[in-house]
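Values in this text are rule-based calculations from the coordinates and carry no lab data. None of these values were measured; they are calculated from a predicted model. Cβ sites come from the backbone with ideal geometry, for glycine too, and all protein chains shown count toward neighbours.
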Amino acid sequence: MTLRRHAICLLALLGSTALSPVSPFAPRPALAQDQAELWLQIEAVPDLAEAEERARAYGALFPDVAGFELGNGWHAIVLGPHLDREAAQARLRQLKSEGMIPRDAYVAESRSLGTPFWPAGLAAAPVAVATAEPEPSPEPIHAPDIATPIAEPAAPPPIVEETPAEARAAEAALSREDRQRLQTALQWFGFYAAKIDGAIGPGTRKSMAAWQEVNGLEPTGILTTMQRETLMAAYDQAQAALGLQTVTEPEAGIEITLPTALVEFDHYEPPFVHYRAKGNSGVRVILISQPGDQSTLYGLYDVLQTLEVVPLSGERQRSERSFTIDGRNGTVASHTYAELSKGLVKGYMLVWNPADDALLAPVLAAMRSSFRSVGDKALDPGLVPLDDDTRRGLMSGLEVRRPELSRSGFYVDAGGAVLTTVEAVEGCNRITLDLQTEAGVVFADAASGLALLKPKVTLAPPAVAEFLSGPGRAGAEIAASGYSYEDRLPAPTLTFGTLEETKGLDGEAGIARLAMTVLPGDAGGPVLDAAGTVIGMVMPRDPGAARQLPAEVTYAAQAAAIAPRLAEAGITPRASARSGALAPEDLNRLAEGMTVLVSCW
């Protein structure tokens, strides 16, 4: 983790108390120090204990943190001092641009600051001197028990640290639970990635050295007591700010750490447990729990990617027993994990705004490391009464992403290659077959209107087209199979008609004119004769053409024109040897088996 990222995480978690301007406070006697000294005032808080906690936390990032009273109970946390205003302003701009200090931080002069309270040990000095000497002294005030004068804030008296041997001895006295918490804190801030076992081995030493180096300390790999307390204080405050708690969902059989300050339980809608955003956090959590097998897991993997909260870009990984989906665009980021064990599919999804990546990175790490299945039960599908429309697709409560356009296509070989219309693939970022399987374009021929798709995984089509080798017979009864209503119906429909002519109205070759009324979604679908032989492919209408044909006139690319183009692409079309006529139910079954929904995203 970089210093900037560490700073952003820590400061985002600490929160940003608005800086209080000095002017509302009564003037305080200035410390006896060079009036030209300047400080970056980064925070002001009304409580001394809280101010000390904030100063300690900032001290993990900056070596020159100091704290001064402002008056009326307020306390300033500052960085410095700086003797040159231009240098101070330059540092202020740099730290703001890197997100390491609040945006309302500003340059303050030493005369506006009162008695110091940080680093520890300086606060007692002015009080002791003030008691002994009521009148302000123009000379630098020296605390009797501190060697370095308060007038030198750039070089405060050194805090006596433990030697490496003393630090190691103090470390050895820690309980196993304390060592585990130390590893957990290092993991939280991105320095430790191994098992939380409480054993201080080489990996833990390396992570402690990395933490020290990032925070400007000597990377010994042995934390002193003060360093350890600083790390744990930052971790505890981060936990409190996010409300991280281990949540057990008995109905779902899941235990996981959730950011309860950002999300709250909403409702059950099997197979999901919904946690909505709390306030305006913009964060959502969805737990997944259902009985099932590998096909259930794989089906869930496919359908989750159709959700609006799972953007198309991002890494996907699927194994025999689990999957991970990362989605990201300009407004939504999400991480989904699910696993199959003992006949149960369980997992989780975290959804957030990409602008909050730094804040949510440790949250996601906590969810990953804590997630586990408990018990032998999954969410009961009957836990909440749902109507059929809500239950359909297992996507209740989640908005499903819709394709920009869907058309029809049909299988032309045993590996799952699909022939469709060019209209179905133009300008697409992603193409799917039956909303699940991604496909790539082998060719898209604008002249013929044909496009060939190849699935990214090998498919086993229920039926493959068998093409007519010669011209069709005018007057023959035919049927077009297609997704007339695009993706709104789960299966294709058959539209019946007649083959009117084996050429276009202007005598075009390779075109058949059909007497049937089709819808835009039918384009790209197969046209079959009564025996189930494919005689052509439905072509889309051109809404911009100067001459608009009657609704019952449809064009189709003839099989004899399609076959040579497929052969050029390495697909050997199957020649039909069918004869006679199929029963309507058999024709419908054959057509449904070869017809594919082609969607453009």
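Taking other Cβ atoms within 10 Å as a rough exposure proxy, 498, 554 sort from fewest to most as 498, 554. Per-residue extension of 0.36 nm, minus the Cα-Cα distance of residue 365 and residue 498, leaves a gain of 41.6 nm for this segment. Evaluated with a Cβ-only charge set (Lys, Arg +1; Asp, Glu -1), the range 435-540 carries a dipole of roughly 200 debye about its Cα centre, given to the nearest 20.
Proximity of backbone amide H atoms, modeled 1.01 Å from N, is registered between residue 292 and 344, 345 at under 5 Å, excluding neighbours fewer than 5 places apart on the same chain.
When only the Cβ of Lys, Arg, Asp and Glu is charged (+1, +1, -1, -1), the dipole of the range 402-601 relative to its Cα centre reaches about 220 debye. One Cα centroid belongs to the range 284-360, the other to the range 420-450; the line between them spans 27 Å.
Using the Cβ-Cβ distance between residue 315 and residue 229 with R0 set to 60 Å, the FRET efficiency from 1/(1 + (r/R0)^6) comes to roughly 0.95.
Note on residue 120 and residue 372: with the Förster distance fixed at 45 Å, the Cβ-Cβ geometry gives a FRET efficiency of about 0.60.
Residues whose amide H lies under 5 Å from that of residue 371, counting only those 5 or more places away or on a different chain, are 257; hydrogens are built 1.01 Å from N in the peptide plane. For the range 289-313, backbone nitrogen atoms closer than 11 Å to the point 7 Å from residue 429 Cα along Cα-to-C-beta are found at 311-313. Each Lys and Arg contributes +1 and each Asp and Glu -1, all at the Cβ; summed about the Cα centre of the range 164-238, the dipole is approximately 240 debye.
For the pair the range 201-225 / the range 501-553, the C-alpha centres are spaced 73 Å from each other. FRET efficiency for residue 473 and residue 441, Cβ-Cβ distance as r, R0 = 35 Å, nearest 0.05? Efficiency, from the Cβ-Cβ distance: 0.55.
Of 307, 325, 343, which is farthest on the positive side of the dipole of the range 245-394, counting Cα position, with +1 on Lys and Arg Cβ, -1 on Asp and Glu Cβ, and the Cα centre as origin? Result: 325, furthest along the dipole toward the positive end.
Exposure proxy shown here: for 420, 495, 246, the number of other Cβ atoms within 10 Å sets the order, fewest to most, as 246, 495, 420.
Panel values: the range 245-394, Kirkwood radius from alpha carbon pairs, Stokes-Einstein at 37 °C and 0.692 mPa s, translational diffusion coefficient 211 µm²/s. The 3J(HN,Hα) values that the Karplus relation (6.51, -1.76, 1.60; θ = phi - 60°) gives for the range 256-265 are, in residue order, 7, 8, 10, x, 5, 7, 10, 9, 9, 4 Hz. Gly and Pro appear as x.
Placing unit charges on the Cβ atoms of the charged side chains and taking the dipole of the range 164-238 about its Cα centre, the candidate lying farthest along the positive direction among 220, 170, 202 is 202. What the Kirkwood sum gives for the range 164-238 is a hydrodynamic radius of 12.1 Å, with every pair of different alpha carbons counted. As a rough guide to protection, the peptides 430-439, 190-199 ranked by mean Cβ packing within 10 Å, highest first, stand as 430-439, 190-199.
In this simple spin-label model, placing a label point 7 Å from the Cα along the Cα-to-Cβ direction at both residue 50 and residue 546 gives a separation of 7.7 nm.
Of the trypsin sites (Lys or Arg not before Pro) found in the range 313-381, the ones in coil according to DSSP and having at most 10 other Cβ atoms within 10 Å of their Cβ are 342. Computed extension length for residue 218-residue 97: 40.9 nm, one decimal, from 0.36 nm per residue of separation with the Cα-Cα distance subtracted.
Distances between placed amide hydrogens fall under 5 Å for residue 466 paired with 534, all partners being 5 or more residues away or on another chain. Considering Cα pairs under 8 angstrom that are at least six residues apart, work out the relative contact order of the range 245-394 and quote it in whole percent. This gives 28 percent for the range 245-394.
Charge tally for residue 553 (other residues, Cβ to Cβ under 15 Å; Lys, Arg +1; Asp, Glu -1): -3.
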